[in-house]
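Down below is the structure, laid out as structure tokens.
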Amino acid sequence: MTRRPRLGEIGLNTGKKARLHRILHTYGLGNGTALFLPYDQGLEHGPRDFFANPAASDPAYIVKLAVEGGFNGVALQIGLAEKFFWDYAGEVPLILKLNGKTDIPSDARPLSPLHATVADAVRLGADAVGYTMYVGSPAQEEDFAQFRVVREEAHRLGMPLIVWAYPRGEAVETKGGKDSFYAVDYAARTASEVGADVVKVNFPQPDKRSGVPGGYAAEFTPQQAVDAVVRSANRTLVLISGGEKADDQAMLEKAREAMEAGTTGLIFGRNVWQRDHDDSLRLVSRLKEILAKYPND
Ligand SMILES: O=C(CO)COP(=O)(O)O
């Protein structure tokens, strides 16, 4: 296992350190791990994600679930944060997603435009901001320029910056696919190089190409692949996302492998809220049993 970086050694300014400390050590299990509830799928995928559990289309239901489940944070876009976080402010950390897009246009030139600022996050009492970066997109240059402005503002205001690092674009598809180990590993490295405090990646899948260089060997076990991703992220903390709803056993195994490999935590949305309320909380307790085994100071 790659040793997960400690908060005290990742070069944060005071505001960033205080906020990340609150997220990791005051909320959730308080043991330095994190379980986040993301809720930007209504923008990113549209209403179809709520068909499995219509109650989840109500943001108030989700923010309450984040409090009841003892999450380390709930990730919302500005519109929902302004209307629904107020009732629970202080009870669960807010991660304000600053950019986002729909999946209606073709994915030829993925770029996620900004809808909010770090100053909005401060006003709303957020403990972190989230930025989606499409690594490898033909619009990467614009993305990097947009990100630089956010990074500077986050630094100035002492706000931890979490990058949702998504490999995207035609070039990525010819190099193993967006969820391949090559692409996820590169995205984690990119996020750390450009200044993310925390990076969120999908669980890496085996590379579909044959004859890839040794470092991307297809014989890696899933856990070895995540281990390499954590190493690539170096002093940027790594979160693994849940993805589409899958079998519980498979999800729990994914969570265990990720934590065993040295990730700091999990960001599971659809797998948590695309089921009824009590079932969501049951899965959350099982995920927390896993996190409890990997404390971090
Ligand atoms: O971070 C995420 C979306 O913003 C991950 O969500 P899912 O777990 O639903 O894939």
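Where a number appears in this text, it was derived from the coordinates with a stated rule and is not lab data. These numbers were taken from a predicted model, which means no experiment stands behind them. Neighbour counts are summed over all protein chains in view; Cβ atoms, including those assigned to glycine, are modelled from backbone coordinates with ideal geometry.
One table, with the values for the structure above:
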| item | result |
| --- | --- |
| Translational diffusion of the chain, µm² s⁻¹ [Kirkwood Rh, Cα pairs; Stokes-Einstein; 20 °C; 1.002 mPa s] | 113 |
| Binned Cα-Cα distances of the range 1-144, short to long, each 10 Å bin given as a whole percent | 11, 35, 35, 18, 1 |
| Unit Cα scatterers, Debye sum, the range 108-260: log10 I(q)/I(0) for q = 0.08, 0.12, 0.13, 0.14 Å⁻¹ | -0.24, -0.53, -0.61, -0.71 |
| Mean separation of Cα contacts under 8 Å, 6 or more apart, over the residue count of the range 7-291: relative contact order % | 18 |
| Order by protection proxy (mean Cβ within 10 Å, highest first), peptides 232-238, 13-19, 250-256 | 232-238, 250-256, 13-19 |
| Distance between the range 79-147 and the range 249-287 - C-alpha centres, whole angstrom | 23 |
| Relative contact order of the range 67-212, defined on C-alpha pairs under 8 angstrom at six or more residues apart (%) | 18 |
| Computed [θ] at 222 nm, deg cm²/dmol, the chain (DSSP H ≥ 4; -39,500 (n - 2.57); rounded to nearest 500) | -11500 deg cm²/dmol |
| About the Cα centre, charge dipole magnitude for the chain (Lys/Arg +1, Asp/Glu -1 at Cβ), debye | 640 |
| Eligible lysines near Lys97 by straight Cα distance, threshold 30 Å, same-chain separation 8 or greater | Lys16, Lys17, Lys64, Lys83, Lys175, Lys178, Lys200, Lys245, Lys254, Lys288, Lys293 |
